[in-house]
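Enquirer: Before anything else, here's the structure in question.
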């Protein structure tokens, strides 16, 4: 929203240029409603105009999802939601992905606090 209105012709807009505008416009007495309105307005702009975020200095195109670690992490979490107590080898078998990649993502999810071990079983934290 801010890039669209305040930086229409500029490329490489930095967050440091946007933050003062956000501070000036934020409704501090009702920040939740202000944020929801901003998101709704941004959704409407997205339908009508090309993505202005691409003009941000910090914009990065997201890597492909298919067969990515993000997809594997989602599969692990979904599996543990459906079957709350599974052993690591069961998850690896169920996902049908290389065991090394699944293990790496399980360890990362544990370190980030999304899942935890209870004995030999993994569960959602």
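Enquirer: In segment 84-125, which residues are in contact with a strand residue (DSSP E or B) (Cβ under 9 Å, 6 or more places away or on another chain) and part of a strand (DSSP E or B)?
Expert: Correct list: 86, 87, 115, 116, 117, 121, 122, 123, 124.
Enquirer: Going by the structure shown, is residue 20 out of contact with any strand residue (DSSP E or B) (no Cβ under 8 Å at 6 or more places or on another chain), exposed (fewer than 13 other Cβ atoms within 10 Å of the Cβ) and at pLDDT 90 or above?
Expert: yes
Enquirer: Cβ-Cβ under 8 Å, sequence separation 6+ or interchain: first residue in segment 79-93 and in contact (Cβ under 8 Å) with a residue 40 or more places away in the chain and assigned by TED's automatic domain parsing to the domain that holds residue 118, partner surrounded by 15 or more Cβ atoms within 10 Å (Cβ to Cβ) and part of a helix (DSSP H, G or I). Which pairs?
Expert: 80/91
Enquirer: Against the definition (crowded, with 16+ Cβ neighbours inside 10 Å and in contact with a strand residue (DSSP E or B) (Cβ under 9 Å, 6 or more places away or on another chain)), how does residue 81 come out, yes or no? Working first, answer last.
Expert: Values: crowded, with 16+ Cβ neighbours inside 10 Å: no; in contact with a strand residue (DSSP E or B) (Cβ under 9 Å, 6 or more places away or on another chain): yes.
It is false that residue 81 is crowded, with 16+ Cβ neighbours inside 10 Å and in contact with a strand residue (DSSP E or B) (Cβ under 9 Å, 6 or more places away or on another chain).
Enquirer: I'd like the residue in segment 23-39 that is out of contact with any helix residue (DSSP H, G or I) (no Cβ under 9 Å at 6 or more places or on another chain) and under 15 Å from residue 2 (Cβ atoms) and, out of all such residues, is surrounded by the fewest Cβ atoms within 10 Å (Cβ to Cβ). Walk me through how you get there before you give the answer.
Expert: First pass over segment 23-39, keeping only residues out of contact with any helix residue (DSSP H, G or I) (no Cβ under 9 Å at 6 or more places or on another chain): 23-24, 29-33, 35-37, 39.
Imposing the further condition that a residue be under 15 Å from residue 2 (Cβ atoms) reduces the set to 23-24, 35, 37, 39.
Details: 23: 9, 24: 7, 35: 12, 37: 13, 39: 11.
It comes out as 24.
Enquirer: Just one of (1) in contact with a helix residue (DSSP H, G or I) (Cβ under 9 Å, 6 or more places away or on another chain); (2) surrounded by 13 or more Cβ atoms within 10 Å (Cβ to Cβ); (3) modelled with pLDDT of 95 or more trips up residue 87, so point out which.
Expert: Going through the list (1) in contact with a helix residue (DSSP H, G or I) (Cβ under 9 Å, 6 or more places away or on another chain); (2) surrounded by 13 or more Cβ atoms within 10 Å (Cβ to Cβ); (3) modelled with pLDDT of 95 or more, residue 87 breaks only (1).
The values are calculated or read from the model by the stated rules, or taken from the named source; none is laboratory data. A quick note: this is a predicted structure, and the numbers were derived from the prediction, not measured. FYI the Cβ positions are ideal-geometry reconstructions off the backbone, even for glycines, and counts take in every protein chain you see.
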